[in-house]
Protein chains: 2
Amino acid sequence: MRDVNVGIVGVGNVGGGTLDILAENASQIADKLGFRLKVGAICSRSIDEKKLPAGIEPGRRTRDWRDVVADPSIEIVCELVGGTGVAAEIVETAIAQGKSVVTANKELMALRGAELWEKATAAGINLAMEASVAGGIPIHAVLREGISGDRIEALFGILNGTSNYILTEIEKHGTAFEEVLAEAQRLGYAEADPSADVDGFDARSKLAILAALAFGEKVTPSDIYTEGIRRITPFDFQYAHKLGHTIRLLCSARRTAEGLLLSVRPALLPQQTIMAGVQGAYNAVWVRGQYGADTFYYGRGAGPHPTGVAVVSDLMRVAREIRSGSPERVSPFAHETLGARKPAPVASQQRAWYLRFRVTDKPGIIASLASILAEKKISLDAVLQLPSDDKDNLPFVITLENSAEHAVRDAVARMASLDFLREPPLALPMETSL
Amino acid sequence: MRDVNVGIVGVGNVGGGTLDILAENASQIADKLGFRLKVGAICSRSIDEKKLPAGIEPGRRTRDWRDVVADPSIEIVCELVGGTGVAAEIVETAIAQGKSVVTANKELMALRGAELWEKATAAGINLAMEASVAGGIPIHAVLREGISGDRIEALFGILNGTSNYILTEIEKHGTAFEEVLAEAQRLGYAEADPSADVDGFDARSKLAILAALAFGEKVTPSDIYTEGIRRITPFDFQYAHKLGHTIRLLCSARRTAEGLLLSVRPALLPQQTIMAGVQGAYNAVWVRGQYGADTFYYGRGAGPHPTGVAVVSDLMRVAREIRSGSPERVSPFAHETLGARKPAPVASQQRAWYLRFRVTDKPGIIASLASILAEKKISLDAVLQLPSDDKDNLPFVITLENSAEHAVRDAVARMASLDFLREPPLALPMETSL
């Protein structure tokens, strides 16, 4: 069969990793496909200085992505620019020209995936995006093909490696969030502006894509309740451990009678669960199907080579489909005939809670807090206080029996004015279903 | 697009689970595909008594599989009979008639997968076999598509749920192997003849298939060094825990300069690894890629519905390919241009070892054992003895530094004649690379 020519637009980390694999692994790729995957064109802002791996000899090297997309020899456009500006233009132009697209762009696919898929389907081309979520974990292939016959009930994820690294460092060393973040920035694990990672927005984009694929509903990032990890302290890990739990930035999507329940938030997970064992910059996805029950997927969340594997695997699949037909003809983003349903309100969900307080010690604290909880009809499960000498900054924890989030929020708001509190109470859900 | 008609041959556990899912999940399947998957024919020995799920109304119900394969309306033959006799005939006849095949048959695919794939490729049809390994884990989709761009260096698996259930019961309750096995048989978790499970043969078939897919080499079950779990005692878990390890029936396949290193055997795994956390009847696969690094996959190993998900997901993929082209044209069993390489000899591998002895206590035991090890140039790492009152049946453990398996085997053979040994020493490798 004829070789397939790929145009790479963007040679940053992921682009570099992709080129390495296409070069070094070329013969195995050709063996698997029965034809070669060739890099026919490369676009990069710094194309003159870029040293390409041996064996990558594109006919075209350019600074203008339009040259790549317009090149008639290019059959797949590989968008590795990122962001939602020029990347959107690249993808739309490629689709308009009837060229298949492979992208690693989580923001774009989270925001406009359903719409771009409709265009791709209408154009009869393939839009592949394995690399957009959880770099090294082939979770798209799993949802799209591996367990496509199942009916997904819930999906949980640890989808931001930087947050997970920070949380597990706080956990292991008892270091404060700010210190761990500064160290992560120094090591290059966290961005200078860490907000996308530590405030949950990066994870939110990824969850939007996975939830759309898993449930066939249109999900946009703004549908997802999102809370970051800035308030998690070493105290919280001490108390969580005492309760047999750990804390992770947990992405979750559940099918309920009221619609999908979607959130990205720090939550307590039982320590003996497999999800709780996910350490450092790793990512993980837990899927619960009506028929297949629980399955779990784990791997590197990022990095040039793990993400490059996702890009190259997508290129191989799309190339095979170009030579033999069979692009998916139904958008994986919205196959539900029900149409776009509104997500369920997170606040009405019943669950167990962890409330952590930091107080200036004085008599009557528990009584005041308990009376506010009682007023909101919230049942207290346990009060936990580890030994501490610092009476001016005393942490302790109250766990709550299953309670609706809106009631807990009301109670927490009422508590905010209590003079013995050093900061507003921290309320974290306890994830008991994993 | 036109509906695709499926013929189901065999309505046992997996067939029943498959029909449930095809019936109950029909509308979501049709939404995902853009056409319906219909059960056009069913063959079962007890077809008259079989009650089919609502919505499954095959035009043909028969006791003779030939009726299904010959039915011109049937486009996919789903072989769920099992075994290597009539199942092989069914698959070969279907391929000869140009019909795609979906199978859950691990024995057949392990023994004759490469040959059947060649026939399928020549006939231009698809042969799908996700359900043949690790029922609920979509590991074929992962290897075939999700990480197809990577170059696999090693694959580890816990692939027999019954063995893993037995081992984790011994571990949790300190009960002897025979008792746990009897209980598992009573509960229906283990067969009346447990050999395929506890002697490693079932896991061996699965590893043969996964190794072929992961490395593109022809692997037959007899290539794989295989050892079962019958000799594992509660003592072994106590000692393993003391060493920070647990014991699992570990399948492993590694690429080495001498060829693939293949084994199914009980091994010590560090307790803090994710693989060590795999409990009960679950299955798991750990894949190490040159580019994507480590990924891990976990789920139910068996059961009508988890395995049914694998079958239905395969049916969906094959049906899509029938309507839109694109069956794989290169056998996933042997894409290496190198051709069929011989596996590497397990015995030459260097690794750390756990040697467990049961002795009648007397002076000089350690000295005798140590002198045999010294003679074979094997370095002792540690001697470990937990408190025990039973001097006539005293267990203890010696761990060894990295040593070649043939040297350890020689030493163990030399030890067998020592009069203080109650049974031959148990030698288990320590898997340090997970």
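The values are calculated or read from the model by the stated rules, or taken from the named source; none is laboratory data. Remember, it's a predicted structure, so these values are computed and weren't measured experimentally. FYI the Cβ positions are ideal-geometry reconstructions off the backbone, even for glycines, and counts take in every protein chain you see.
Odds and ends about this structure:
- The conditions of being within 14 Å of chain B (Cβ to nearest Cβ) and not small (Gly, Ala, Ser) are not met by A:GLU191.
Condition check ((1) more than 13 Å from chain B (Cβ to nearest Cβ); (2) among the β-branched types (Val, Ile, Thr); (3) on the phi < 0 side of the Ramachandran plot; (4) out of contact with any helix residue (DSSP H, G or I) (no Cβ under 7 Å at 6 or more places or on another chain)) across all residues:
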site: A:VAL14; (1), (2), (3), (4): no, yes, yes, no
site: A:LEU19; (1), (2), (3), (4): no, no, yes, yes
site: A:ALA23; (1), (2), (3), (4): no, no, yes, yes
site: A:ASP31; (1), (2), (3), (4): no, no, yes, yes
site: A:LYS38; (1), (2), (3), (4): yes, no, yes, yes
site: A:ALA41; (1), (2), (3), (4): yes, no, yes, no
site: A:ILE47; (1), (2), (3), (4): yes, yes, yes, yes
site: A:ARG63; (1), (2), (3), (4): yes, no, yes, yes
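- Residue within the stretch B:87-109 that is farther than 20 Å from B:ILE158 by Cα, hydroxyl-bearing (Ser, Thr, Tyr) and at the interface with chain A (Cβ under 10 Å from one of its Cβ atoms) present: no
- Residue satisfying all of: in the stretch A:316-327; crowded, with 24+ Cβ neighbours inside 10 Å and not aliphatic (A, V, I, L, M); modelled with the lowest pLDDT among these: A:ARG320
- Every condition in (1) away from chain B (no Cβ under 14 Å); (2) touching a residue at least 60 places away in the same chain (Cβ under 8 Å) holds for A:ASN126 except the one numbered (1).
- You will find that of B:GLY55, B:GLY17, the residue that is at pLDDT 95 or above, farther than 25 Å from B:LEU116 by Cα and not hydrophobic (A, V, I, L, M, F, W, C) is B:GLY17 and no other.
- If the condition is being in contact with a helix residue (DSSP H, G or I) (Cβ under 8 Å, 6 or more places away or on another chain), in a helix (DSSP H, G or I) and not aliphatic (A, V, I, L, M), then the stretch A:104-144 contributes A:LYS106, A:GLU107, A:ARG112, A:GLY113, A:LYS119, A:GLU130, A:SER132, A:HIS140, A:ARG144.
- Comparison of B:ALA131, B:ALA88, B:ALA104, B:ALA122 shows that the only residue that is surrounded by fewer than 22 Cβ atoms within 10 Å (Cβ to Cβ) and at pLDDT 95 or above is B:ALA88.
- Matching residues in the stretch B:37-55 - criterion: being surrounded by 17 or more Cβ atoms within 10 Å (Cβ to Cβ) and without any contact (Cβ under 8 Å) to a residue 60 or more places away in the chain: B:LYS38, B:VAL39, B:GLY40, B:ALA41, B:ILE42, B:CYS43, B:SER44, B:LEU52
- Residue in the stretch B:79-91 that is assigned to a helix (DSSP H, G or I), within 27 Å of A:GLY289 (Cα to Cα) and in contact (Cβ under 8 Å) with a residue 40 or more places away in the chain present: no
- Unmet criterion (only one of (1) surrounded by fewer than 19 Cβ atoms within 10 Å (Cβ to Cβ); (2) at pLDDT 95 or above) for A:GLY280: (2)
- Close pairs from the stretch B:197-220: first more than 15 Å from B:ARG248 (Cβ to Cβ) and at pLDDT below 95, partner part of a loop (DSSP other than H, G, I, E, B) and not aliphatic (A, V, I, L, M), Cβ under 6 Å, at least 6 apart: B:ALA212/B:PHE333; B:LEU213/B:PRO332; B:GLY216/B:HIS335; B:GLY216/B:GLU336; B:GLU217/B:GLU336; B:GLU217/B:ARG341
- Selection of the stretch B:56-74 for residues being of a type in the set (Gly, Ala, Ser) and surrounded by fewer than 15 Cβ atoms within 10 Å (Cβ to Cβ) yields B:GLY59, B:SER73.
- Residues located in the stretch B:390-413, provided they are out of contact with any strand residue (DSSP E or B) (no Cβ under 8 Å at 6 or more places or on another chain), exposed (fewer than 15 other Cβ atoms within 10 Å of the Cβ) and closer than 24 Å to B:THR226 by Cα: B:HIS406, B:ALA413
- In the stretch A:135-153, the residue that is surrounded by the fewest Cβ atoms within 10 Å (Cβ to Cβ) out of those that are among the hydrophobic types (A, V, I, L, M, F, W, C) and more than 7 Å from chain B (Cβ to nearest Cβ) is A:ILE152.
- In the stretch A:1-51, the residues that are closer than 19 Å to A:VAL77 by Cα and among the acidic types (Asp, Glu): A:ASP3, A:ASP20
- Checking B:ASP67 against (1) within 31 Å of the chain's Cα centre (by Cα); (2) more than 24 Å from B:ALA122 (Cβ to Cβ), the condition it does not meet: (1)
- Matching residues, the stretch A:416-426, being touching a residue at least 24 places away in the same chain (Cβ under 8 Å), surrounded by fewer than 19 Cβ atoms within 10 Å (Cβ to Cβ) and under 21 Å from A:ILE229 (Cα atoms): A:LEU421, A:ARG422, A:GLU423
- The conditions of being buried (at least 24 other Cβ atoms within 10 Å of the Cβ), more than 19 Å from the chain's Cα centre (by Cα) and polar (S, T, N, Q) are met by B:SER313.
- Considering (1) of a type in the set (A, V, I, L, M); (2) outside any strand (DSSP E or B); (3) more than 29 Å from B:GLY157 (Cβ to Cβ), the lone condition that B:VAL408 does not fulfil carries the number (3).
- Just so you know, in the stretch A:265-310 the residues that are part of a loop (DSSP other than H, G, I, E, B) and within 30 Å of A:VAL102 (Cβ to Cβ) include one that is nearest to the other protein chains (Cβ to nearest Cβ), and it is A:GLY292.
- In this entry, B:SER263 passes the filter for residues that are modelled with pLDDT of 95 or more and of a type in the set (Ser, Thr, Tyr).
- Residue in the stretch B:202-222 that is within 30 Å of A:LEU33 (Cβ to Cβ), part of a loop (DSSP other than H, G, I, E, B) and under 14 Å from the mean Cα position of the chain (by Cα) present: yes
- B:ILE372 meets the stated requirement of being surrounded by 14 or more Cβ atoms within 10 Å (Cβ to Cβ), within 37 Å of the chain's Cα centre (by Cα) and among the β-branched types (Val, Ile, Thr).
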